[in-house]
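Down below is the structure, laid out as structure tokens.
The values are calculated or read from the model by the stated rules, or taken from the named source; none is laboratory data. These numbers come from a predicted model, not from an experiment. When we count neighbours, we look across all protein chains shown, and the Cβ atoms used for this are built from the backbone with ideal geometry, even at glycine. Keep in mind that these areas ignore ligands, DNA and RNA; they rest on the heavy atoms of the full protein, side chains included. Shrake-Rupley method; radii C 1.70, N 1.55, O 1.52, S 1.80 Å.
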Amino acid sequence: MEQKTVPQIAELLRDAPKNWGKWGPDDEVGSLNYLTHAEVLRGVQAVRSGKTFTLQIQMAHPEGDPVWPGRMQACRMNVMDKGHWMCGKGPLFPGLAQYADDMMIMYLQGSTQYDALGHVWHDDQLWNGYDAQSTIGGLSKASVLPIAERGIVGRGVLVDIARHRGKAVLDPGETFTHRDLLDAADAQDVKIEKRDILLIRTGWIGSFYQRDKAEFYKDYVEPGLTYSPELVEWFKDMEIPNLVTDTMANEVTIDPASGAALLLHNALMRNLGVTLTEIAQLDPLAADCADDGQWSFLYAAAPLKIVNGSGAPVNPVVIK
Ligand code: UVW
């Protein structure tokens, strides 16, 4: 990317709307404030059959997990197992119980995850205007912890943009807008309602498991939503609390108009407080929705309570 010719995000978003201060000077959960008790009940009312789906990808798979280039794969290691007793090194508990223990090293963005609202910023300010220096050594403001303490429950709606375009998976760098989402939702015969948790399927993460890994990561460019002032206004007006996608960054990797990266992270997450959930596995849910015609459901997620974390793994649950 030619940095010199790319305008700064501060310039690109100069007139963009912000929800800073809307929920008070100490807010750290942003648009999740829209998920009131009434919104939880609206989610419950979407339950029809009792079918359940979990949206996390498998973690620390021996053949690799999809992670953003430059981030390390999650690494799980046994630190205690039967082998320790076979070579006389296992502890001898009264009653002779034996056990297995393991530990994991991972990027907190290295699986299906919630981003903290302070995960991405520009111009030295995070969500709600917090100083970017509050990220040093751990997020003391807008970390993932308040999101995790709160949990996320509401009505979810899935828009299958790949299926709408007649593809198994969108192409690298393929973009779509909120107008495309509305068209796809129309074709699915579902309405995106105000305060819905918005799930978008591109087929991208599912394709990781079918593709040659070198080919998947070559000149890495994801498909995704693309920035426009109208799209940001739409998210604001619709009071979307949470955007969930089956890509690693929830937006096209490089904004085609400006050449900037992470423009929507800034416009939606930093400015509006929309929580982002990435690397979701949406293929089985989408297949079922296409089968029974029900694209809305109860969505519930509880990321891990990681103190000062910039993100946290999560296994969201959908109940149809
Ligand atoms: C990046 O930091 C690239 O984005 P995220 O972890 O939110 O996908």
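What do you get for the angle between helix 283-292 and the principal long axis of the chain? Use alpha-carbon atoms, 0 to 90 degrees, nearest ten.
Orientation of helix 283-292: about 60 degrees from the principal axis.
I need to check one value: relative contact order of the chain, counting alpha carbon pairs closer than 8 Å and at least 6 residues apart, in percent.
It comes to 31 percent, rounded to a whole number.
Using C-alpha positions alone, give me the convex hull volume of the chain per residue in cubic angstrom.
Dividing the Cα hull volume of the chain by its residue count gives 173 Å³.
Round to a whole number: what % of the accessible area of the chain belongs to carbon and sulfur, probe 1.4 Å?
Here carbon and sulfur together make up 52 percent of the probe-accessible area.
How much FRET efficiency would the formula 1/(1 + (r/R0)^6) give for A10 and T177, where r is the Cβ-Cβ distance and R0 is 25 Å, rounded to 0.05?
About 0.60, to the nearest 0.05.
If the elastic network links every pair of Cα atoms under 10 Å, which of Q109, Q98, Q210 fluctuates the most in the Gaussian network model of the chain?
Result for the chain, Cα springs under 10 Å: Q98 fluctuates most.
Compute the Kirkwood hydrodynamic radius of the stretch 1-51, taking the inverse of the mean of 1/r over all pairs of distinct Cα atoms, and give it in Å to one decimal.
Result for the stretch 1-51, one decimal place: 15.1 Å.
Would you mind counting up the charge near L170? Only other residues with Cβ under 12 Å from its Cβ, with Lys and Arg at +1 and Asp and Glu at -1.
-2
Rounded to whole Å, give me the distance from the Cα center of the stretch 45-80 to that of the stretch 116-176.
18
Read phi for every residue in the stretch 116-133 and hand back ³J(HN,Hα) as whole Hz from Karplus 6.51 cos²θ - 1.76 cosθ + 1.60, θ = phi - 60°, with x for Gly and Pro.
Once θ is set to phi - 60°, the couplings for the stretch 116-133 become 5, 5, x, 5, 9, 8, 8, 6, 6, 9, 9, 2, 6, x, 4, 5, 4, 5 Hz.
Go ahead and run the numbers for FRET between M86 and L304, Cβ-Cβ distance against an R0 of 41 Å, rounding to 0.05.
Using R0 = 41 Å, I get an efficiency of 0.75.
Quick one: which of K218/K320; K18/K305; K82/K218; K22/K305; K191/K218; K213/K320 span more than 31 angstrom between C-alpha atoms?
K218/K320; K82/K218; K191/K218; K213/K320
Express the relative contact order of the stretch 225-264 as a whole percentage, based on alpha carbon pairs under 8 Å and six or more residues apart in sequence.
Answer for the stretch 225-264 is 47 percent.
Could you please state, rounded to a whole Å, how far the C-alpha centre of the stretch 188-267 is from the C-alpha centre of the stretch 292-313?
A separation of 16 Å, based on Cα centres.
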